[in-house]
1. When you go through B:ALA129, B:ALA176 one by one, which is the residue that is modelled with pLDDT of 95 or more and touching a strand residue (DSSP E or B) at 6+ places or on another chain (Cβ under 9 Å)?
2. Taking the range A:180-195 as the region of interest, how many residues are surrounded by fewer than 22 Cβ atoms within 10 Å (Cβ to Cβ) and touching a Pro at 6+ places or on another chain (Cβ under 8 Å)?
3. Check the range A:69-84 and report whether any residue there is under 17 Å from the mean Cα position of the chain (by Cα), part of a loop (DSSP other than H, G, I, E, B) and assigned by TED's automatic domain parsing to the domain that holds A:SER263.
4. Are any of the residues in the range B:116-123 at pLDDT 95 or above, in contact with a helix residue (DSSP H, G or I) (Cβ under 9 Å, 6 or more places away or on another chain) and not basic (Lys, Arg)?
5. For A:PHE57, work out the one condition from (1) within 14 Å of chain B (Cβ to nearest Cβ); (2) touching a residue at least 40 places away in the same chain (Cβ under 8 Å) it doesn't fulfil.
6. Report, by residue number, each residue of the range A:21-38 that is out of contact with any helix residue (DSSP H, G or I) (no Cβ under 9 Å at 6 or more places or on another chain) and within 13 Å of ligand 1 (Cβ to nearest atom).
7. Applying the selection to the range B:320-340, what residues are of a type in the set (Gly, Ala, Ser) and under 23 Å from the mean Cα position of the chain (by Cα)?
8. Which ones in the range B:210-265 are under 26 Å from B:ALA369 (Cβ atoms) and part of a helix (DSSP H, G or I)?
Amino acid sequence: MDKSVLNDNCDVAIIGSGPAGLAAAILLKYSGIQKVVVLEREAEAGGIPRHCGHPPFGIREFKRILTGPKYAKKLVETALNAGVEIVLKTTVTSLGTEGELSLVSPEGPSQLSAKRVLLATGIRETPRSARFVSGSRALGICTTGTLQSMVYLKNRIPFRSPLVVGTEIVSFSALLTCKNAGIQPVAMLEEKPQPHVRWPIYQLTRWFCVPLLLQTSIVNILGTERVEAVQVSDENGNVREIACDGVLFTGQYTPESSLVRESHLELDPETNSPVVDSFGRCSDPVYFATGNMVQLPRNQARVPIFYLAENLPNPVDDAGQCWSQGRAVAKNIVKDLN
Amino acid sequence: MTKLLNIKSTTKDNSNSPSLLATADVAVIGGGVVGCAVARRLALEGASVVLLEKAADILGGASKGNSAILHTGFDAPIDSLEMECVRNGYHEYLQIHKSLNLPVLKTGALVAAWTEEEVERFAGILAKAQHNGIEDLRLLNPEETLKLEPKLSSSIRAAILVPREFVIDPWSAPLAYLKQALANGGQAIFNAEVLSGDFDGSNWLLQTSRGGVKAKYVINCAGLYGDLLDRNLLGESKFTIKPRKGQFVVFDKAANALIQAIILPVPTERTKGIVIFPTIFGNLAVGPTAEEQESRNDASVHKNTLNDLHTQAVNRIPALANIPITATYAGIRPASEKKEYRIVEDVSRNWITLGGIRSTGLTSALGLAQHVLGLLENQGAEFESLSEPVVPQVPNLAEHLQRDWETHSGHSAGYGEIVCHCEMVTQREISNALEGLVPAGSVDGLKRRTRATMGRCQGFYCAARLAELTEGRFEEPFAVGKAHG
Ligand SMILES: Cc1cc2nc3c(=O)[nH]c(=O)nc-3n(C[C@H](O)[C@H](O)[C@H](O)COP(=O)(O)OP(=O)(O)OC[C@H]3O[C@@H](n4cnc5c(N)ncnc54)[C@H](O)[C@@H]3O)c2cc1C
Ligand SMILES: Cc1cc2nc3c(=O)[nH]c(=O)nc-3n(C[C@H](O)[C@H](O)[C@H](O)COP(=O)(O)OP(=O)(O)OC[C@H]3O[C@@H](n4cnc5c(N)ncnc54)[C@H](O)[C@@H]3O)c2cc1C
């Protein structure tokens with residue numbers, strides 16, 4: 001990729017090459033913006049879909065049903081064909097005023113000065129530690145993102161018979177990933193009386209022979225080197241032990257927003273997202289944000305159709321929605337630049 | 001020549017093998033901070049040293065989780081051996097840290113009083129510090145305290161400033177000590193649990209799970225297992241370990257801007273109490289609790305305790321309410337039935353036990369090592385100290401100093417890629433940690449040497465890459481097998 005962008009200027013710098021960032025970059029190029037640079041810290045562009053090895057992706061964007069990796073590839077190709085510069089292995093380390101970005105790549109530290117900056121750094125799951133779950137810190141405890149990237153990017157598995165915690169949409173991605181990788185979950189746990197998503201939870205757990213334990217919570221994770229069992233408590237407070245070799249924490253999303261937290265931009269402490277106006281603009285008007293890193297406060301959140309409103313987790317948009325949001329904010333940036 | 005054995009233990013039946021794993025002047029049992037410091041001191045004195053550790057890496061015991069404070073000893077028991085070792089350890093650390101590339105974060109500490117009753121105990125604290133030779137303490141009124149630390153809750157009543165309490169890297173320090181021991185002729189053998197031993201009047205023949213080791217002197221630095229080792233090999237133990245767990249909550253790096261100093265509570269007889277402290281890695285942490293337990297290895301955390309710690313921290317520093325949590329952990333103090341260090345000498349059998357190094361061992365380790373040298377010399381040991389010892393450096397993990405990814409253009413070329421984004425760990429750092437004098441022997445060992453997966457996302461983004469980079473390295477790996485289907 002073209003390294004000449006480093007220590008340079010550009011019209012729009014986009015941080016993150018997931019669906020939101022790439023959709024925005026493509027639209028900006030199609031709208032005649034000259035120099036659009038996407039900065040991506042990974043060695044490969046595409047964001048989260050790179051390791052979602054299952055359909056359906058791409059319906060809205062390409063009118064086709066694709067797996068995550070194929071979808072990511074197609075987005076990247078489209079962007080490159082449109083003239084977007086994608087710079088890989090390049091981490092944005094700080095957001096300065098007036099669009100001054102500090103970057104670091106294996107070639108060394110550098111600066112990029114952008115007329116407008118679009119933040120599209122996505123979202124991740126809340127790990128075990130931040131959930132204050134009791135027990136040992138043995139090996140075999142991870143999130144769906146870790147599982148998926150191990151399975152789909154590295155052809156490896158972190159466990160063979162884990163306990164799955166959570167019943168959000170991503171929890172079903174987790175079940176599918178397990179199925180594809182030859183992992184047999186011992187049970188799926190939900191603290192609430194009902195799963196977060198009704199469909200397809202009941203069907204999937206039945207198909208995959210994974211007992212769905214509602215109103216059940218983790219009391220203690222046991223194991224010295226590796227997880228050996230988990231003590232769970234049911235709605236009556238009865239505690240029992242389930243043997244397993246891992247615990248898979250799914251969902252409870254939180255924006256990947258530490259760059260914002262450490263910057264001059266305003267952050268909403270409730271959602272951990274940058275504060276944005278209806279145009280996607282941050283508290284510093286040079287900066288915009290889009291995609292899953294922008295979570296709305298709970299009372300304004302759009303409820304995805306298959307969520308039960310009464311037990312809503314932090315809702316998260318799918319790739320298609322992030323793609324649309326990226327385009328919408330890109331349009332605002334075009335207007336702003338002209 | 002340096003020799004490092006790090007073969008994975010498969011059989012435990014080497015005990016009949018006539019060939020010895022090692023022969024040395026001194027065998028140090030235990031690769032905690034104390035054992036590593038003792039091995040270093042003796043190697044520098046010219047002794048041949050072998051360190052025997054039952055785990056696959058150093059620091060799996062009490063030294064795994066602590067508050068990482070370099071104590072002045074202002075509140076240590078007066079005229080105690082602990083005070084002497086803390087003082088000497090503190091000074092030696094400050095002398096050697098630069099040469100080994102070990103960091104110091106010069107935070108200072110505030111002993112904070114939140115009630116009148118606590119304020120009344122200040123006189124005693126000041127007198128004790130005076131007696132211990134720490135004379136730069138200063139009493140601050142609430143206004144002065146809040147001027148120094150504006151984010152502290154305004155309910156503060158008074159504080160004592162202890163300017164020279166500092167924060168260090170709890171894992172790189174012992175690693176550097178052991179590296180220096182090995183660079184100067186020492187040996188370390190991992191997966192080698194000392195099971196039994198015989199003293200023939202001039203030498204010990206120790207039986208480990210990997211084979212026999214012959215040594216003239218033995219230093220028991222087995223930490224949480226020190227009493228059991230004495231019982232097994234000497235027939236009796238002069239003390240009993242009473243494990244005491246301490247849990248911690250680590251806040252996101254954003255919290256680091258809120259506070260400069262270590263915030264200490266007014267200590268009680270039993271414990272130093274719950275501390276809020278900056279970590280060398282750029283976080284802010286709260287802990288430890290003091291929980292007696294039977295188990296010597298159960299370092300589990302508990303939801304209610306973590307919630308309590310969180311609440312206490314937020315009460316003291318209200319702005320912490322908006323800061324996410326990065327990690328939780330626990331450490332186990334090798335406390336005994338008495339408060340003091342349990343240094344036991346069996347002069348007739350060339351044996352020294354450094355037991356019950358409860359809650360100041362990170363600081364006192366270098367001082368304890370000096371003390372051991374003195375004891376050995378009293379027992380008649382003669383060594384010729386090295387005139388030009390090798391001084392190996394450890395990689396810097398401190399947030400306030402330059403990390404690998406920040407090394408300036410030219411040098412940074414070739415760091416490969418950032419593997420762990422939250423802690424900015426480079427591929428080069430990972431490779432280096434898997435090689436060298438003391439390579440990482442476990443996933444935890446790799447984390448302690450690099451910080452990989454220890455940040456906000458706890459491995460969400462990087463665990464897969466790490467599984468790939470460490471394939472075949474550890475007995476208990478990140479990945480348990482291949483995905484199929
Ligand atoms: C585990 C998991 C599974 C999911 N499964 C699905 C699914 O099956 N279907 C679906 O539709 N949606 C799924 N989602 C939702 C997913 O978040 C969206 O589909 C979509 O990928 C979000 O797009 P984005 O562009 O906002 O962010 P992302 O796709 O997350 O992209 C953000 C990019 O920013 C980069 N980045 C972050 N910080 C920096 C920095 N400082 N410097 C440079 N680059 C940086 C990251 O490396 C990343 O590539 C899943 C989400 C998760 C967490
Ligand atoms: C919660 C907490 C907070 C603390 N805070 C601080 C602080 O801020 N500042 C400070 O200075 N100190 C602090 N400490 C104290 C410090 O961590 C301890 O004093 C120190 O770690 C003790 O180290 P050790 O080497 O004696 O024991 P350990 O670390 O337990 O080392 C003993 C080693 O011996 C090995 N071993 C045991 N039996 C055998 C055998 N038979 N054969 C071979 N190997 C064996 C073990 O595997 C282990 O690695 C704290 C401690 C805790 C728990």
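1. From the options B:ALA129, B:ALA176, the qualifying one is B:ALA129.
2. The qualifying residues number 2.
3. Looking through the range A:69-84, none of the residues is under 17 Å from the mean Cα position of the chain (by Cα), part of a loop (DSSP other than H, G, I, E, B) and assigned by TED's automatic domain parsing to the domain that holds A:SER263.
4. Scanning the range B:116-123, I find no residue that is at pLDDT 95 or above, in contact with a helix residue (DSSP H, G or I) (Cβ under 9 Å, 6 or more places away or on another chain) and not basic (Lys, Arg), so the answer is no.
5. The single condition A:PHE57 does not satisfy is (1).
6. none
7. Scanning the range B:320-340 gives B:ALA327, B:ALA330, B:GLY331, B:ALA335, B:SER336.
8. B:GLY223, B:LEU224, B:TYR225, B:GLY226, B:ASP227, B:LEU228, B:LEU229, B:ASP230, B:ARG231, B:ASN232, B:LEU233, B:LEU234
The values are calculated or read from the model by the stated rules, or taken from the named source; none is laboratory data. For clarity, every value in this text was computed on a predicted model and none was experimentally measured. Every residue, glycine as well, gets a Cβ built from its backbone with ideal geometry; the counts of neighbours run over all protein chains shown.
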